[in-house]
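The values are calculated or read from the model by the stated rules, or taken from the named source; none is laboratory data. All values derive from a computational prediction rather than experimental measurement. All Cβ positions, even for glycine, are placed from backbone atoms using ideal geometry, and neighbour counts span all protein chains on display.
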Amino acid sequence: MTVLPTLALLAFAQVVPPPPAPQPYTAPVIRPFEMVIMAPDGPTIEDGAEPPAASALARPSLDAPVAVDTYDGHYEVAPSDTERAYDLGVAEAERGMDRRMGPLDGHWRVLDASGALLFRLVLSDPGGEAPVEGAWRDTHGRMGVAASSLRSGGATVIVLDGQGELRLPADGDGGTLVRAGQIVPVRVSHQRPSP
């Protein structure tokens, strides 16, 4: 009884041909570095016409190094409209993202009361009540994670892994650093990242 359904399946089964074998590489008739370069207004070959001599179409060979002054300051062609539109789109997207970020986004320096650098911060602030994330690095090369644990009414408490807590009020550039139970007044200043 099981033979009959099996024969029926075999009768209607489709035979799938094996995939074609990969073709071995064959070099092109003319290798790219041997191609003839034609000027845009150069000669063309009409149907049935005799092609011009290769020397008329070929790029002249260099007999000596080309001086930079020969290029007259034009090393590349002007960008196309598509390239300019793409560059403008990328720049606008970056400006738009910067506008949406919160006030703590960026690079910061944390200074003590005398103005000595305690550590640097790099923070990502998505804005609103969302938590701030980032990293810190002190003057001795130690570093760690920085994450906000509390954000209310504009005030932010940033927990610095291994350093304590940085408490920043909503107004002003000052704050306090709580380390091992000691409260140290600090000043926070925005820093432009070095290129």
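Tabulated values for the structure
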item: Residue match in region 177-194 (condition: without any contact (Cβ under 8 Å) to a residue 60 or more places away in the chain, in a loop (DSSP other than H, G, I, E, B) and either touching an Asp or Glu at 6+ places or on another chain (Cβ under 9 Å) or not small (Gly, Ala, Ser) (or both)); result: no
item: Residue in region 134-157 that is within 15 Å of SER189 (Cα to Cα) and buried (at least 17 other Cβ atoms within 10 Å of the Cβ) present; result: yes
item: Residues being closer than 23 Å to THR156 by Cβ and either among the aliphatic types (A, V, I, L, M) or touching a helix residue (DSSP H, G or I) at 6+ places or on another chain (Cβ under 7 Å) (or both) - total across region 78-115; result: 6
item: Selection count where residues are modelled with pLDDT of 80 or more and under 17 Å from GLY106 (Cβ atoms), scope region 149-173; result: 5
item: Of all residues in region 74-117 being under 19 Å from HIS190 (Cα atoms) and of a type in the set (A, V, I, L, M), the one that is surrounded by the most Cβ atoms within 10 Å (Cβ to Cβ); result: VAL110
